[in-house]
Amino acid sequence: MRKVGSLEVTLVGLGCNNFGMRIDEERSAAVVHAALDAGINLFDTADVYGGTRSEQYLGRALGGRRDEVLIATKFVAPIDDDPSHAGAGARWVAEAVEGSLRRLGTDRIDLYQQHGPDPNVPIEETLTALDRLVRDGKVREIGNSNFSAEQIDEAESVSERQGVARFVSAQNHFNLLHREPLQDVVPACVRDGLGVLPYFPLASGLLTGKYQRGTPAPDGTRLSQLPEERASRVMSDRNFDQVDELSAFAAERGHTILELAFAWLAAQPAMTSIIAGATTAEQVAANVAAVDWQLSDSDLAELDQLLANRA
């Protein structure tokens, strides 16, 4: 368990971006129930996931167990063809939260996150609108996603200066193959007291070991459903070179590359909950078990050297 703001979250969270997109409601419910059985208490979704179905599926799957968990969701991305149903303006913040509460079947959101920066809206306006939701009891804590270090610092400064609710978390793309947040976003989180919530911890599955160099992604996997150009960037020789080295590093210590991916993230500064998607109960169990491995200082130093050689 780790703290993000006033919330105590499990080190592994469940990302619900597959719900209503890659898996139907029945399979989504099975994944939610597996996560509950495994002890996961943070469920991360967004109004836009699955065309709003993710929130609906999650709310119905939790049912009477809602009070046992923490729900994180997001706003900003367009949820339909109406251009006014998007962004971080005060009007849409007030409207978007009501839609999420209704779809989730709950009276409050534990962590309400701005899914990305909105260049058309001053952060002062967004934070003031979010502060109102906190004061009204509709939201417990607020966070950001896909913000730069400068944007995180600016938001913290505005919150302090105006006395409004502050972001307690930053959710960014972060894993062993995508370490850029260590250069700026993670230091900003440490500096400003935010928790880090990494998404894509397994690099769209590349860090599970199930993909092979020069072989098309297996049917039904995440990479098989990406546009060919994007999938080829993920399945590049450079990435496979790193996967081979990381797999050997893990195997030498009696572990898998998936376990290494989670253990490495868990050891990073300001880490709070690793947001891991899943489409099966087995994947949930593997993700939770992975954080049992705690890397030693010498392991981390050797990994840093290995990764630096591939930078």
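The values are calculated or read from the model by the stated rules, or taken from the named source; none is laboratory data. Owing to the predicted nature of the structure, the values given are computational and were not obtained by experimental measurement. For neighbour counting, all protein chains shown are included, and Cβ atoms are generated from backbone atoms with ideal geometry for every residue, glycine included. We work out accessible area using only protein heavy atoms, side chains counted, and drop any ligands, DNA or RNA first. Shrake-Rupley method; radii C 1.70, N 1.55, O 1.52, S 1.80 Å.
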Answer from A86, A94 - the residue that is surrounded by 14 or more Cβ atoms within 10 Å (Cβ to Cβ), touching a residue at least 24 places away in the same chain (Cβ under 8 Å) and over 19 Å from N41 (Cβ atoms): A94
Single match in T208, T221 (criterion: β-branched (V, I, T) and over 18 Å from the mean Cα position of the chain (by Cα)): T221
Residues of the range 33-56 classified as buried (at least 20 other Cβ atoms within 10 Å of the Cβ), small (G, A, S) and assigned to a loop (DSSP other than H, G, I, E, B), total: 1
Residue check for D131: open to solvent by 10 Å² or more (accessible area, probe 1.4 Å), under 19 Å from N144 (Cβ atoms) and of a type in the set (D, E, K, R): yes
T272 vs. criteria in contact (Cβ under 8 Å) with a residue 40 or more places away in the chain, within 22 Å of the chain's Cα centre (by Cα) and open to solvent by 30 Å² or more (accessible area, probe 1.4 Å): no
Top-ranked residue in the range 1-32 [being part of a helix (DSSP H, G or I) and either touching a residue at least 60 places away in the same chain (Cβ under 8 Å) or of a type in the set (K, R) (or both); ranked as least open to solvent (accessible area, probe 1.4 Å)]: V31
Flag if L70 is modelled with pLDDT of 95 or more and either open to solvent by 10 Å² or more (accessible area, probe 1.4 Å) or over 24 Å from L14 (Cα atoms) (or both): yes
Single residue of the range 282-311 satisfying the filter (surrounded by fewer than 17 Cβ atoms within 10 Å (Cβ to Cβ) and among the small types (G, A, S)) that is modelled with the lowest pLDDT: A311
Qualifying residue in the range 245-253 (condition: touching a Leu at 6+ places or on another chain (Cβ under 7 Å), assigned to a helix (DSSP H, G or I) and open to solvent by 50 Å² or more (accessible area, probe 1.4 Å)): yes
Residue within the range 266-283 that is of a type outside the set (A, V, I, L, M, F, W, C), closer than 12 Å to P201 by Cβ and in contact with a helix residue (DSSP H, G or I) (Cβ under 7 Å, 6 or more places away or on another chain) present: yes
